[in-house]
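Here the structure comes first, spelled out in structure tokens, and everything after it is commentary.
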Amino acid sequence: MSRLLVSVEAYPQLTATKGFQDLQSQLEGTENRIGVSRVDFNAAAAKWNIMIMQFPRVLIARLFGFEKVALFDAQAGADVAPKIEFDTK
């Protein structure tokens, strides 16, 4: 996101357009939704992992082959924003 803001500062005419402002808003909203979904998934996975280890559920889990779920962990470099360039022609 910081690189996008640097690009915006380099092209002040882009900030004046409604479409570009909408794009910025949508990118921020998407980033927020991804963060919330990641937290929700990890909470559900942690709850599942605890639940299948409690008696008597552990017996049923072993019987049917239920296993622990890995928590979401982003890949290295996923926190780096992609470089976005705008054609000003």
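Taking a ≥ b ≥ c as the square roots of the eigenvalues of the Cα gyration tensor, the range 44-89 is classed as prolate, since a/c reaches at least 1.5 and a/b is larger than b/c.
Applying 1/(1 + (r/R0)^6) with R0 = 22 Å to the Cβ-Cβ distance of residue 41 and residue 79 gives a FRET efficiency near 0.80.
FYI, it's all coordinate maths here, none of it is from the lab. Predicted model only: the values in this text are computed from it and were never measured. Note that each Cβ is placed from the backbone with ideal geometry, even for glycine, and that neighbours are counted across all protein chains shown.
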